[in-house]
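Please read the structure below before turning to the comments.
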Amino acid sequence: MSQKLQFTLDFEEDVNEYLAKKYPVYSSFRIISQSLDARNANRGKRPKYHYVIEAIKNGETFNELESLKNFSKHEAFPRKPVIVGAGPAGLFCALRLIEYGIPSIILERGERAHKRMIHISKFWRYGEFDSDNNVCYGEGGAGLFSDGKLITRIKSPFVQYVMDKLVEFGAPKETAYMSNPHLGSNKIRKLIGEITEYLRTRGCEIYYNCRVDEIIVDSSKTKVQGVVCSDGKKFDSDHLILATGHSAKEMYFHLQDLNVEMKSKDFAVGVRVEHPRRAIDFIQHGPFSEGHELGSARYRLSWENPETKKGTYSFCMCPGGYVLSSGTDSEGIVVNGMSNYARNSPWSNSALVVSVESGKDFSTKDLMSGLRFQHDIEKKAYELSVEKASGKEVPAQGLKDFLDDKSSENLKAKTSCPSGIFGTDLNQVLPSFITDHLRSALKDFDRKMNGFISNEALFLAPETRTSAPLTILRDKETLESPSIKGFYPCGEGAGYAGGITSAAVDGIKVAESLIKFR
């Protein structure tokens, strides 16, 4: 019978040697959980790893992981479910359905990942924008160009299932047990291709360059009948899973025309702050930041304004990463962060964002006010880029210049951003309540991380797509829209997820609902 063991080791101590010495009776083990504790490392306290392992003796076998158990097969639906979007939510919905023996049709507005990269490179290098192939659209969704973080705060039995499935399709083994697993954009691209090929071999149909422009409903507009794509292709189905991501604004307007129940929701807006990686590593790891195997340092910061009760916080921190231009409109600029598996870029960046409250910071009389709030900021950034550069470069300002309310017109800073930057005053891009809260929060952040305010730090803007500005309502039990039978809003774009893992989990939950209530 296997035995669960918990222990803490110095970060440079070998777990194999420790177990062989301390527990020689066990012949094999597997790590269930591994987490780094580097608190006070900048004060000289040695970092430690906390382990939970499962160990066995000769002749024993490991317990089968719950998330890998087989599932009973079901009869296929008379008409295949249609999944709109090949991001984490859509793909994991399809994976879960296949485990029950139910193939689906997946429709993706963009290209395969490797072809999508060509379009994105042209945008970053030459400013040649493609409305269907960019950092947010295409196979893998927005998660394909992110830090590849699999961190999530949600509590679900499907979280471990997601991790195990990713390992099954090629993710590093530690993905299944690290406390803050990270794939990196370079590994995600290959992994996503493995998932889609697996789905094809199991009977799924996958169509690329197939943007869904219309949801077909019956004459009473209360039941799904299928979809029509931009190229005229029509797909009939009684079950439609909408997993389009948080930037497919055309779909929101189409749903409004169909009288689908939606409501405005809060989101956040701000900047990307970029430091030299060595600076963040030293702030966090102190004397252990060089010559050790701790890797690029992470951080998480938050502050609430005591007067406004509005929060400012770091989001999607990318150690050893890059800042990307990731807009989805030809006349709009948006920034996001990304890193590869090695996290070895000379820079580290994070979003620093301020909460934007529905009904307070934008009106709720118009359901699309949140979308317009985002769009107006992104358009200002683009217009400023056209005026001061070529239209592809990202607005930037030195962090100290920002604090001193001083323009960075003559900025000559190096950056990780492949589109390039131009110096400006970000007051011309962001609403005053955003910049005011950022200035106040920075003072608190520098107290928590001495040296965060630095001559080398840079702000790039705007970070506007932290989450969807709308929630597409659905029944709490069936996950079906109360407006249209057979319609299942899913993932980030529907307002039910906030990252790769939570989006994948939501896709699984929708698949389970289809099975349970078919």
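For region 95-104, check the following and say yes or no: at least one residue is touching a residue at least 12 places away in the same chain (Cβ under 8 Å) and under 29 Å from Arg298 (Cα atoms). Among the residues of region 95-104, not one is touching a residue at least 12 places away in the same chain (Cβ under 8 Å) and under 29 Å from Arg298 (Cα atoms), which makes the answer no. Per the listing Ile280, Ile241, Ile215, the residue uniquely of a type in the set (A, V, I, L, M), touching a helix residue (DSSP H, G or I) at 6+ places or on another chain (Cβ under 6 Å) and more than 20 Å from Leu371 (Cα to Cα) is Ile241. Among the residues of region 1-39, those identified as without any contact (Cβ under 8 Å) to a residue 24 or more places away in the chain and over 36 Å from the mean Cα position of the chain (by Cα) are Glu17, Tyr18, Ala20, Lys21, Lys22, Pro24. Kindly check whether there is at least one residue in region 240-257 that is more than 21 Å from the chain's Cα centre (by Cα), crowded, with 21+ Cβ neighbours inside 10 Å, touching a residue at least 40 places away in the same chain (Cβ under 8 Å) and in a strand (DSSP E or B). Yes.
Out of Val162, Val135, Val167, one residue alone is surrounded by 16 or more Cβ atoms within 10 Å (Cβ to Cβ) and free of Cβ contacts under 8 Å to residues at least 12 places away in the same chain. It is Val167. State yes or no: is Val167 in contact with a Lys or Arg (Cβ under 7 Å, 6 or more places away or on another chain) and either in a helix (DSSP H, G or I) or under 30 Å from Asp236 (Cβ atoms) (or both)? Considered against the rule, which asks whether it is in contact with a Lys or Arg (Cβ under 7 Å, 6 or more places away or on another chain) and either in a helix (DSSP H, G or I) or under 30 Å from Asp236 (Cβ atoms) (or both), Val167 comes out as yes. Assess whether Gly332 counts as being modelled with pLDDT under 95 and assigned to a loop (DSSP other than H, G, I, E, B). No: the conditions fail for Gly332.
Okay, residues lined up against (1) within 21 Å of Ile31 (Cα to Cα); (2) touching a Gly at 6+ places or on another chain (Cβ under 8 Å):
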site	(1), (2)
Phe158	yes, no
Asn180	yes, no
Ser185	no, yes
Cys210	no, no
Val217	no, no
Gln225	no, no
Lys249	no, no
Tyr252	no, no
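Residues in region 342-356 that are crowded, with 17+ Cβ neighbours inside 10 Å and part of a loop (DSSP other than H, G, I, E, B): Arg343, Ser345.
Tell me yes or no: at least one residue of region 201-209 is under 24 Å from Ile98 (Cα atoms), crowded, with 20+ Cβ neighbours inside 10 Å and of a type in the set (Val, Ile, Thr). Scanning region 201-209 turns up at least one residue that is under 24 Å from Ile98 (Cα atoms), crowded, with 20+ Cβ neighbours inside 10 Å and of a type in the set (Val, Ile, Thr).
For the subset of region 416-443 comprising residues that are within 23 Å of the chain's Cα centre (by Cα) and either in a helix (DSSP H, G or I) or among the charged types (D, E, K, R) (or both), which member is surrounded by the fewest Cβ atoms within 10 Å (Cβ to Cβ)? Among residues in region 416-443 that are within 23 Å of the chain's Cα centre (by Cα) and either in a helix (DSSP H, G or I) or among the charged types (D, E, K, R) (or both), the one surrounded by the fewest Cβ atoms within 10 Å (Cβ to Cβ) is Leu438.
Got at least one residue in region 267-290 being within 19 Å of the chain's Cα centre (by Cα), at pLDDT 95 or above and not in a strand (DSSP E or B)? Taking every residue of region 267-290 in turn, none turns out to be within 19 Å of the chain's Cα centre (by Cα), at pLDDT 95 or above and not in a strand (DSSP E or B).
Quick check: is even one residue across region 330-337 touching a residue at least 12 places away in the same chain (Cβ under 8 Å), surrounded by fewer than 18 Cβ atoms within 10 Å (Cβ to Cβ) and out of contact with any Leu (no Cβ under 8 Å at 6 or more places or on another chain)? Looking for residues that are touching a residue at least 12 places away in the same chain (Cβ under 8 Å), surrounded by fewer than 18 Cβ atoms within 10 Å (Cβ to Cβ) and out of contact with any Leu (no Cβ under 8 Å at 6 or more places or on another chain), one finds at least one in region 330-337, hence yes. For region 277-290, the count of residues that are surrounded by 22 or more Cβ atoms within 10 Å (Cβ to Cβ) and closer than 20 Å to Val394 by Cβ is at least one.
Only residues that are more than 23 Å from Asn180 (Cβ to Cβ) and of a type in the set (Ser, Thr, Tyr): list them for region 1-52, please. Once the filter is applied, which keeps residues that are more than 23 Å from Asn180 (Cβ to Cβ) and of a type in the set (Ser, Thr, Tyr), region 1-52 yields Ser2, Tyr23, Tyr26, Ser27, Ser28.
The values are calculated or read from the model by the stated rules, or taken from the named source; none is laboratory data. This one's a predicted model, so the numbers in the text were calculated from it and none came from an experiment. Note: ideal-geometry Cβ built from the backbone for every residue, glycine included; neighbour counts use all protein chains shown.
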